[in-house]
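In what follows, a structure is listed as structure tokens, so that the remarks can point back to it.
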Amino acid sequence: MGASSMNESAVLNNKEYFDRQVETMPREVLAELQFDRLRKTLRNAHDNVELHRRRLLQAGVVPEDVHTLDDLRRIPFTYKTDLRDSYPYGMLARPLNEISRLHASSGTTGKATVVGYTKGDIENWAGLMARSMHAAGARANDVIHNAYGYGLFTGGLGAHYGAERLGATVVPMSGGSTERQIVLIMDLGATVLCATPSYALAMAEVAEQQGVDLRKSALRVGVFGAEPWSNAMRCEIEQRLALKAVDIYGLSEIMGPGVACECTEQAGLHGWEDHFLFEVLDPETQLPVPEGDAGELVITTLTKQALPMLRYRTRDITRISTAPCDCGRTHLRILRITGRSDDMLIIRGVNVYPSQVEAVLVGRPMIAPHYQLLVERRGTLDNVTIEVEAQYGVDAEAFPSIARDVKHHVKSMVGITTDVLVKLPGEIPRSQGKAVRVRDLRPKE
Ligand code: DLL
């Protein structure tokens, strides 16, 4: 059965968008489906994308050589730089007249990466987003307030199409105009909020300042992602907004949001294995790590037409589990994305991700859950200053003891010595999309 016909049957058989046959498929059957789709993907990539053909040739692999899923190891990797180098259309496996949409991510350096979708790709994406939202607890009778940015970023339109496919009512809000977002959440009776976790928190804060209690809103579920966030942050958001906060993952190079999403068990994000192959590799040796160990997530698409990706090096660091989930879904779980390997700081020999510091900060007494890490070079050593913010009403006299408390806990729980600067309420910039957690002032090498 093709992916789109499966989606249709899901809609027809079950008004609530849950495809039991696919989502609870025995893992052996899932592996057969993956293998079949991998062969087709390899053909598509080999026949239609010069870069993949050349790489496969160099590796001495023709698509027919792949006889089991383990043969995946023989397939060369694809990197973000490949997309940049073939800017804008060099990696598309379809001519432009078959491409119905483009998205792009700006990134911090160099040219944007452009990604393309056929009509069929958009259909599959909407289906996977609807599946993700359903797993998160959203239903056809929900009002979904979508505060992911609309435009070239995949968040806005990805969630929008998913919400429509689910059969829900979607409010296409995009990011920004925070006061207005709050008015509309209350007035339109939104039951599901889609946003980055940092923006969800910024909304809670603005609402509190306006004297609006979002805990009394109809919000029930939050579908939050696009940036790393800690469990401490989840607890904070759940408490401030009185909803169930669920983690959603994706990246534009692979599709956009909906590559993986938590179910209501909140015990890791189900990676949708009928559409993607997931590996976790040691970034140095490029060999698989034992299940449960941390490594780099590498993804191969199985159904993408316009932009097939072979072993894409996401740079995202995570762990996976194939253990059964209490929800009954058999698709593996990604156990939270700790961060990107590019964001890893090495402070006097200790590897640290901003999210590890966040886990210590959020929920500590007298500080608000907003922070930035300032990284500087002092002599030959890197130095980190953690900028935290005092909660409203905290006396400045308490700042030195707050700083000592934070410094002590970061040292004992993360293992790095830092400076801590306590700022006044509201001084740390709030995000409307992906939060900036690190300001790196080290000289560029
Ligand atoms: O951020 C797609 C998305 C939109 C996902 C809305 C979820 C919700 P990009 O802009 O291409 O796409 O950025 C992808 O963001 O490689 C991760 O580093 C990071 N990321 C995305 N989701 C999560 C998450 C979208 N749940 C990059 N946890 C990825 C941690 C995440 N990091």
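Per 0.36 nm of contour for each residue apart, how much would the distance between Ala242 and Tyr87 grow if the chain were fully extended, relative to their Cα-Cα spacing?
Extending this stretch completely gives an extra 51.4 nm.
Residues with beta-carbon under 13 Å from that of Ala403, excluding Ala403: net charge, scoring Lys, Arg +1 and Asp, Glu -1?
Once all neighbours under 13 Å are counted, the net charge is 0.
Which of Gln181, Gln239, Gln209 moves the most in a Gaussian network model of the chain with Cα springs under 10 Å?
Maximum fluctuation in the GNM of the chain, among the listed residues, is at Gln209.
Is the C-alpha gyration tensor of the chain telling us rounded, prolate or oblate? Criteria: a/c under 1.5 is rounded; beyond that, a/b larger than b/c is prolate, otherwise oblate.
Taking the square roots of the gyration eigenvalues as a ≥ b ≥ c, the chain is oblate.
Report relative contact order for the chain in percent, whole number only (criteria: Cα-Cα under 8 Å, sequence separation at least 6).
Dividing the mean separation by the residue count of the chain yields 14 percent.
Highest GNM mean-square fluctuation, the chain, Cα pairs closer than 10 Å: which of Lys216, Lys407, Lys244?
Most flexible of the set in this elastic network: Lys216.
With θ set to phi - 60° and the Karplus curve 6.51 cos²θ - 1.76 cosθ + 1.60, what are the ³J(HN,Hα) couplings of segment 51-62 in order, to the nearest whole Hz, using x for Gly and Pro?
Computed from phi, the couplings for segment 51-62 are 4, 5, 4, 4, 4, 5, 4, 4, 7, x, 10, 10 Hz.
With every protein chain left in place, what is the accessible area per residue of segment 257-315 in square angstrom, probe 1.4 Å?
Here the per-residue accessible area is 27 Å².
What is the calculated FRET efficiency for Arg378 to Glu291, with r their C-beta to C-beta distance and R₀ = 51 Å, to the nearest 0.05?
According to the calculation, E is roughly 0.80.
Pull out the extension gain between Lys119 and His67, defined as 0.36 nm times the separation in residues minus the alpha carbon to alpha carbon distance; nm, one decimal.
Taking Lys119 through His67 to full extension adds about 15.7 nm, to one decimal.
Taking H placed 1.01 Å from N in the peptide plane, check which residues at least 5 places from Asp316 or on another chain put their amide H under 5 Å from its amide H.
Here the answer is Leu297, Ser341, since their amide H atoms fall under 5 Å of that of Asp316.
Of the residues Met233, Met173, Met25, which exhibits the maximal mean-square fluctuation in a Gaussian network model of the chain defined by a 10 Å Cα contact cut-off?
Result: Met25 has the largest fluctuation of those listed.
Amide H of Arg336: which non-local residues (sequence gap of 5 or more, or other chain) have their own amide H closer than 5 Å, using H built in the peptide plane?
Here the answer is Leu269, since their amide H atoms fall under 5 Å of that of Arg336.
With every protein chain in place, what's the accessible area of Leu310 (1.4 Å probe, Å², nearest 10)?
Its heavy atoms expose roughly 10 Å² to the probe.
In square nanometres, what is the average projected area of the Cα convex hull of segment 44-203?
So the Cα hull casts an average projection of 11.9 nm².
Nearest-5 percent of antiparallel DSSP beta bridges in segment 1-342?
If I count the DSSP bridges inside segment 1-342, around 65 percent turn out antiparallel.
Counting only protein heavy atoms and a 1.4 Å probe, tell me what percentage of the chain's accessible area is made up of carbon and sulfur.
Carbon with sulfur: 52 percent of the solvent-accessible area.
Given the Cα-Cα distance of Asp282 and Arg215 and 0.36 nm per residue of separation, how much length would full extension add, in nm?
19.9 nm
Ignoring everything except DSSP H segments at least 4 long, calculate the 222 nm mean residue ellipticity for the chain; use -39,500 (n - 2.57) per segment, divide by total residues, nearest 500.
-10000 deg cm²/dmol
Dipole of the chain (Lys/Arg Cβ +1, Asp/Glu Cβ -1, origin at the Cα centre): which of Val360, Ser198, Leu381 lies farthest to the positive side?
Leu381
To the nearest whole percent, what portion of all C-alpha pairs in segment 345-440 is separated by more than 19 angstrom?
Tail fraction, whole percent: 37.
Within the set of other residues whose C-beta is less than 11 Å from the C-beta of Thr154, count the net charge using Lys and Arg as +1 and Asp and Glu as -1.
So the environment of Thr154 carries a net charge of 0.
Tell me the volume per residue, in Å³, of the convex hull enclosing the alpha carbons of segment 268-310.
With only Cα atoms used, segment 268-310 gives 78 Å³ per residue.
The values are calculated or read from the model by the stated rules, or taken from the named source; none is laboratory data. None of the values given here were measured: they were computed from a predicted structure. When we count neighbours, we look across all protein chains shown, and the Cβ atoms used for this are built from the backbone with ideal geometry, even at glycine. Ligands, DNA and RNA are excluded from the accessible area calculation, which covers all protein heavy atoms including side chains. Shrake-Rupley method; radii C 1.70, N 1.55, O 1.52, S 1.80 Å.
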